Amino acid sequence: MKSRGREVVKRRSVRPFIFGVLALGLLLAVWESYRNWIGPWLGTERDVGKVLGFKLLPRANDLAMPSVFDMAREFGRPQVRGSSTNVFEAVAQATFNSLQLAIGALLIGTFVGVGAAILMSRFKVVQRGLMPYLVISQTIPLIALAPLTVTWGGQLSLFGFQWQKWTSALVLGAFLSFFPIAVGALRGFNSPPPAALELMDSYAASWWSTWRKLRLPAAIPYLTPAMRLAGSAAVFGVVVSEISVGLTDGVGYLILAYMQEGTSRPAKVFTAVAGTVVLGLAMAAVINAADRYFTRHRPPEEFA
Amino acid sequence: MTFAVEVLAVHKVFNSGRSNQVDALTDIDLQVAPGEFVSLIGPSGCGKSTLLRLIADLLEPTAGSLLVNGKAPRQARLDQDYGMAFQQAGLFEWRSVAKNIELPLELKGWDKDKRRGRAMEMLELVKLPNRADAMPWQLSGGQQQRIAIARALAAHPPLLLMDEPFGALDEMTREHMQAELLRICAATQTTVVFVTHSIPEAVYLSDRVVVMSPGPGRITEIVQVGLGRARDEGTREAVGFYEKITEVREALRGGNLGGLTNREVAGIEDR
Ligand SMILES: Nc1ncnc2c1ncn2[C@@H]1O[C@H](COP(=O)(O)OP(=O)(O)OP(=O)(O)O)[C@@H](O)[C@H]1O
Ligand SMILES: [Mg+2]
């Protein structure tokens with residue numbers, strides 16, 4: 001019965017959220033106490049910061065470790081002297097721009113990764129032929145690849161579409177995220193036990209119906225962890241590409257730009273760093289929501 | 001008359017030509033009449049599942065031939081002439097109970113209302129009419145097994161192939177399910193080929209019990225049960241019932257002089 005189904009649905013606990021906030025609070029507290037008390041005490045009274053003449057622990061000054069409160073204040077200050085937008089608006093806008101790119105990259109990566117996994121599970125030859133290339137593809141340094149895609153893309157003209165810098169970031173985010181998806185989806189598509197496949201055979205089901213009714217749903221639990229990896233990969237790909245190709249409206253580029261103001265406004269760069277944290281969290285939230293939706297009828301953990 | 005299942009001089013060799021080749025079945029001849037309930041019994045490895053899978057066209061014979069409803073097994077499979085149930089219920093955990101029963105109907109291209117109607121009928125038949133929207137993991141093992149049987153019967157196949165479907169059930173549920181299976185098959189005129197390790201189960205359910213022995217897998221004897229179609233709890237206590245159990249047990253022993261220990265025979269009897 002419907003009502004019974006709902007009874008046992010996984011509780012959407014707020015606990016992880018509370019723990020997350022607590023963990024962040026703890027991090028900030030450690031940071032503050034280090035720069036205010038522990039760092040200076042170690043430096044002046046003990047001099048333990050130095051090991052074999054190397055300085056290991058960071059210097060606890062405003063330049064290296066600006067106060068959390070200074071960072072918070074930075075959000076309210078104007079972007080540049082005399083500008084009408086403040087830092088918060090700039091970071092929020094840039095984070096949003098990057099989030100759009102990262103989600104787009106994840107979607108493309110998922111599409112390509114699932115497609116590759118379908119081909120690989122359908123034709124063992126493809127799996128044997130394609131897998132080595134997939135593995136090698138992930139070892140190419142992104143920093144080198146990003147500017148290249150701009151050059152290649154610039155020579156491309158598809159139905160009047162002009163290659164932009166954001167296209168490079170999108171493509172590179174997708175390039176990094178499709179690999180975990182392909183691997184996870186392949187494992188998922190191959191996960192049904194022989195008995196289940198035999199059942200589909202006994203119905204004379206085509207390969208495609210077997211895929212839709214058995215292999216794809218069986219792969220969902222494998223896709224969620226793959227999506228989490230792919231989500232971080234997409235964020236990483238987009239942020240690094242922004243820096244590498246000089247895409248100025250993303251939060252990655254903002255880090256680079258704010259860093260250059262390190263001596264005059266050392267706390268400012270941390271606002272952009274906070275932006276990337278929010279970006280990562282937003283991606284995780286999107287993926288969790290998708291996971292919740294697709295596994296809403298699955299047995300809760302204790303049954304699985 | 002066309003037989004529901006006709007097996008003619010079938011041999012099945014796994015890994016033929018290689019050093020580790022296994023003669024799973026030799027010289028199998030078997031005819032099953034429409035509406036008949038036939039059990040396959042024999043020690044582990046004697047080829048019961050293999051024979052069932054040959055009938056289902058999930059395997060091909062090395063030699064000999066089979067006919068299912070007078071057709072080649074492949075054609076019978078494509079026409080979905082049979083339903084199959086295994087030891088494990090094997091329900092899809094992402095589908096509700098009703099959706100699991102509808103699976104073969106979906107693959108046949110039935111429309112939604114017709115599918116749902118049939119699923120409800122089937123749930124009625126297996127006495128779980130209120131559980132249509134439950135998920136498989138919310139059911140007990142015995143209930144899941146009943147859903148698997150409902151799924152096998154959903155398209156009203158003229159032939160039901162069952163491989164130790166009650167193996168995982170407790171004795172009470174098992175007896176209950178046996179009675180239900182007989183009731184369902186009588187109601188739907190279904191032919192059944194049923195694999196089991198339990199002598200009482202084979203005798204209680206069957207018109208004929210096919211006794212097999214291993215190394216190489218072969219049919220050693222076919223026991224006519226002849227207790228009539230109407231079976232109830234009284235059947236289990238009838239004198240004729242025990243006589244048939246003894247007959248099957250003896251047949252199992254006789255066929256197993258080549259290599260099977262008494263303990264293995266006893267192991268079969270225990271179940
Ligand atoms: N796919 C296979 N490849 C190789 N050998 C197989 C295969 N399937 C079955 N066999 C062999 O064929 C023989 C018969 O196996 P089968 O599964 O039919 O036995 P069974 O009578 O069903 O046994 P059980 O009662 O244990 O289920 C066994 O010796 C087994 O090892
Ligand atoms: Mg078997």
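In what order, largest first, do A:ARG215, A:ARG81, A:ARG73 sit by accessible area if the probe radius is 1.4 Å? Intermediate results must be reported in sequence, preceding the final value.
Numbers: A:ARG215 35, A:ARG81 230, A:ARG73 150 Å².
Result, largest first: A:ARG81, A:ARG73, A:ARG215.
For the stretch B:1-145, what is the number of Lys pairs with C-alpha distance below 23 angstrom, counting only pairs 8 or more positions apart or on separate chains?
So the count works out to 10.
Quick check for you: which residues of the stretch A:166-205 have the amide N under 19 Å from the point 7 Å beyond the Cα of A:THR295 toward its beta carbon?
From the stretch A:166-205, the list is A:180-193.
With runs of 4+ DSSP H residues as the only contributors, calculate the mean residue ellipticity of chain B at 222 nm using -39,500 (n - 2.57) per run, divided by the residue total and rounded to the nearest 500.
One gets -11500 deg cm²/dmol as the mean residue ellipticity at 222 nm.
Once both axes come from the Cα atoms, what is the angle between helix B:112-125 and the longest principal axis of chain B, in degrees from 0 to 90, rounded to 10?
Tilt of helix B:112-125: around 60 degrees.
Considering only protein heavy atoms, what per residue accessible area in square angstrom results for the stretch B:8-129 with a 1.4 angstrom probe?
42 Å²
Which whole-number percent gives the relative contact order of chain B, counting Cα pairs below 8 Å spaced six or more residues apart?
Over chain B, the number comes to 24 percent.
At a Förster distance of 60 Å, what's the computed FRET efficiency of A:LEU156 paired with B:ASN130, Cβ-Cβ distance as r, to 0.05? Walk me through the intermediate numbers first.
Details: r = 61 Å, r/R0 = 1.01.
It comes to 0.50.
For a Förster distance of 35 Å, can you work out the FRET efficiency between the beta-carbons of A:ALA29 and A:MET259, rounded to the nearest 0.05?
After rounding, the FRET efficiency stands at 0.90.
Between the alpha-carbon centers of the stretch A:179-212 and the stretch A:65-137, tell me the distance in whole angstrom.
Taking the Cα centre of the stretch A:65-137 as reference, the centre of the stretch A:179-212 is 31 Å away.
In bins 10 Å wide, starting from 0, what share of all Cα pairs of the protein assembly as shown does each bin hold, as a percent?
Using 10 Å bins, I get a P(r) of 3, 13, 18, 17, 14, 11, 9, 8, 5, 1, 0 for the protein assembly as shown.
Under a crude label model (7 Å from the Cα following the beta-carbon direction), how far is B:GLU180 from B:ALA63 in nanometres?
Here the answer is 4.4 nm between the modelled labels.
Within chain A, which whole H helices from DSSP have a Cα span along their axis of at least 24 Å and a mean Kyte-Doolittle hydropathy of 1.0 or more, if any? Kindly include the intermediate steps, with their values, before the conclusion.
Details: long enough: A:15-33 (27 Å, 1.53); A:87-122 (51 Å, 1.36); A:165-189 (35 Å, 1.28); A:216-245 (40 Å, 1.30); A:268-294 (40 Å, 1.27).
Membrane-span-like by this criterion, though nothing is claimed about a membrane: A:15-33, A:87-122, A:165-189, A:216-245, A:268-294.
To the nearest 500 deg cm²/dmol, what mean residue ellipticity at 222 nm is calculated for chain A from DSSP H runs of n ≥ 4 alone, each contributing -39,500 (n - 2.57), summed and divided by the residues?
That calculation yields -22000 deg cm²/dmol at 222 nm.
Apply the Karplus parameterisation 6.51 cos²θ - 1.76 cosθ + 1.60, with θ equal to phi minus 60°, to every residue of the stretch B:163-168 and state each ³J(HN,Hα) to the nearest whole Hz, in sequence, with x for glycine and proline.
10, 6, x, 9, x, 8
If I fit a long axis through the Cα atoms of helix B:97-107 and take the longest principal axis of the Cα atoms of chain B, what angle between them do I get, 0 to 90°, rounded to 10?
80 degrees
What FRET efficiency, computed as 1/(1 + (r/R0)^6) with R0 = 60 Å and r the Cβ-Cβ distance, is obtained for A:ARG73 and A:LEU130, rounded to the nearest 0.05?
0.70
Among DSSP beta bridges lying fully in the protein assembly as shown, give the percent that are antiparallel, nearest 5. Can you show the working numbers first?
Numbers: 24 of 42 bridges.
The antiparallel proportion sits near 55 percent.
Given all pairs of different Cα atoms, what value in angstroms does the Kirkwood hydrodynamic radius of the stretch A:67-303 take?
Numbers: mean 1/r = 0.0503 Å⁻¹.
Over the stretch A:67-303, the inverse of the mean reciprocal pair distance is 19.9 Å.
So what's the Cα pair-distance distribution over the stretch B:91-156, bin width 10 Å, in %?
26, 61, 14, 0
Where the convex hull is taken over the Cα atoms of the stretch A:123-180, what is its projected area averaged over directions, in nm²?
Averaging across all directions leaves 5.1 nm² for the Cα convex hull.
Give me the distance in nm between label points sitting 7 Å out from Cα along the Cα-to-Cβ direction at A:ASP249 and A:LEU63, one decimal.
Spacing of the two 7 Å Cα→Cβ label points: 3.6 nm.
Given Cα positions, please report Rg to Rh for chain B, the hydrodynamic radius being the Kirkwood one.
0.97
The values are calculated or read from the model by the stated rules, or taken from the named source; none is laboratory data. Here the structure is a predicted model, which is why all the values come from computation and not from measurement. Every residue, glycine as well, gets a Cβ built from its backbone with ideal geometry; the counts of neighbours run over all protein chains shown. The protein model used for the area step is the full one, side chains on, heavy atoms only, and it has no ligands, DNA or RNA in it. Shrake-Rupley method; radii C 1.70, N 1.55, O 1.52, S 1.80 Å.
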